[in-house]
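Right, one structure below, let's go through it.
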Amino acid sequence: MTEATTDEHRSGASVDDSPPETPPRVHIVVTCANRKNLPVPPGLRIGNLSNYLPRQRLTEWIRRLSEPGGPTTAATSLYAGEHWAAARQLATAVRVEAQLWVCSAGYGLIPATAHVRPYAATFGLRDGDSVGRSSTENLDWWRGLSEWVGPDPGAPRSFYDLARTNPHDTIIAVLSDTYLRPCSDDLRRAARQLRDPQRLTIVGPAQADPDLNELVVGVTARMRPAVGGSLLALNVRVAQRLVSLVSADPATHRRSHLRALAHELAATAPPPTPRANRERMSDDEVRAFIRPLAGARPTSATRLLRQLRDSGKSCEQARFKHLFDEISLDVRC
């Protein structure tokens, strides 16, 4: 299938070459989240397809997602955690018409309103549910997903299709490093489809891909005190601040304007609060802290970790969660 044929096959929507009669819309694309609000069935964990060759794995994956039956929900309701709690507010932060999209390793590019099944798939190479074993396999996976009709037939299936069918609009992609790389070729092609290439902006890590630097408004840790939240949600929270300043004025849609706003945000952010000098604990000490509290009443790892740190002690979040799960299992048994 040629590239031109593939593009026509994927979209199914006509190209809008006419001048816009209303202010341009803003399309905001956000990386999906590993945490889900519905349990993921074993058959929809990409890690369970590890014995398939890459192209066969994609074919089987699409077949499983397309099977009738099983619970579904709107994509925006599927994802959980701080990152997506902030992402849901992005479209309403803009002062012009806006649509929210999801950049998903499992489904590809989908409208946030599309109904999907709970799944486990990521572009993270070291994850048990990684779709590929290399950057090249991840690139091929994204291209393959864009050739599938997806859960919302007729909707654009790639950044290129989104730009091609909406050439007068604005696209703001809020992407982590892990997801930016598989989409890199698609993003470059998309920018060339817009009447004003400056209306495609990537909000994410600076210097993640030298070939994309021109398109990126860089997010750095020094912006965190200005927008709050954790580092996991920093890209989205910075995007919230930037898109809230996008108006009907076309100049506010341009990458150069958003980049200037980001530089100002970084320059005026308050200095970070010094980290407390807490006493580091061994695994056995952490277990001794968790055990009586985990058995006393229903609680969460996050709540107990905050309590531990407030007492002047120290433990990494991932290590604490592992030990909490271990103790909780013992208590339930």
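If R₀ is 41 angstrom, what is the calculated FRET efficiency for the pair Val40 and Ser311, using the beta carbon separation as r and rounding to 0.05? Step by step, r from the Cβ atoms, then E = 0.70. Once both axes come from the Cα atoms, what is the angle between helix 54-66 and the longest principal axis of the chain, in degrees from 0 to 90, rounded to 10? With rounding to tens, the tilt is 90 degrees.
Among Phe159, Phe289, what's the order by accessible area (1.4 angstrom probe), most exposed first?
Listed by decreasing accessible area, they come as Phe289, Phe159.
Approximating the spin labels as points 7 Å out from Cα along Cα→Cβ, the Asp196-to-Leu232 distance works out to 3.7 nm. Of the residues Pro210, Val40, Ala288, the one whose Cα sits farthest towards the positive end of the charge dipole of the chain is Ala288 (charges of +1 on Lys and Arg Cβ, -1 on Asp and Glu Cβ, taken about the Cα centre).
Packing, taken as the mean count of other beta carbons within 10 Å per residue, orders the peptides 58-64, 81-87, 227-233 from highest to lowest as 81-87, 58-64, 227-233. Please report the spacing between the Cα centers of the range 181-234 and the range 90-147 in Å, no decimals. If you average the Cα positions of each part, the centres end up 16 Å apart. Average 1/r across all pairs of distinct alpha carbons in the chain, invert it, and you get the Kirkwood radius: 21.6 Å. Expressed as an acute angle from 0 to 90° and rounded to the nearest 10, what is the orientation of the C-alpha long axis of helix 234-243 relative to the principal long axis of the chain? Taking the Cα atoms of the chain, the angle to 234-243 is about 40 degrees.
Quick one: angle between helix 255-268 and the longest Cα principal axis of the chain, in degrees between 0 and 90, rounded to 10, please. Once rounded, one gets 30 degrees.
For the chain, DSSP calls about 25 percent of its internal beta bridges antiparallel.
Once C-alpha pairs closer than 8 Å and six or more residues apart are averaged by separation and normalised to the residue number of the chain, the relative contact order reads 17 percent. Taking the range 108-126 and a reference point 7 angstrom along Cα→Cβ of Glu67, the backbone N atoms nearer than 15 Å belong to 117-120. Here the accessible area is traced with a 1.4 Å probe on the protein chains. For the chain, carbon and sulfur cover 51 percent of it. A helix-only calculation puts the chain at -11500 deg cm²/dmol for mean residue ellipticity at 222 nm, using -39500 (n - 2.57) for each DSSP H run of at least four residues, averaged over all residues. Any chance you could look up the accessible area of Met281 with a 1.4 Å probe, heavy atoms only, rounded to 10 Å²? We get 20 Å² for Met281. When Rg and the Kirkwood radius Rh are both evaluated on Cα atoms of the range 111-221, their ratio Rg/Rh stands at 0.96. Rolling a 1.4 Å probe over the heavy atoms of the protein chains gives the chain an accessible area of 49 Å² per residue.
Computed on protein heavy atoms with a 1.4 Å probe, the accessible areas place Ser146, Ser311 in the order Ser311, Ser146, largest first. For the range 181-267, the alpha carbon convex hull comes to 90 Å³ per residue, rounded to a whole number. Largest to smallest in accessible area, the residues Lys313, Lys36 fall in the order Lys313, Lys36 (1.4 Å probe, all protein chains included). Modelled label positions at Thr299 and Ala85, each set 7 Å beyond Cα in the direction of Cβ, lie 2.0 nm from each other.
Normalised by the number of residues in the range 180-275, the average gap of Cα pairs under 8 Å and 6 or more apart makes the relative contact order 27 percent.
The values are calculated or read from the model by the stated rules, or taken from the named source; none is laboratory data. Everything numeric in this text was worked out from a predicted model, so none of it was measured. Counting neighbours? That spans all protein chains shown, and the Cβs are built from the backbone with ideal geometry, glycine included. Each accessible area value is taken on the protein alone, full model and side chains, heavy atoms only, with ligands, DNA and RNA left out. Shrake-Rupley method; radii C 1.70, N 1.55, O 1.52, S 1.80 Å.
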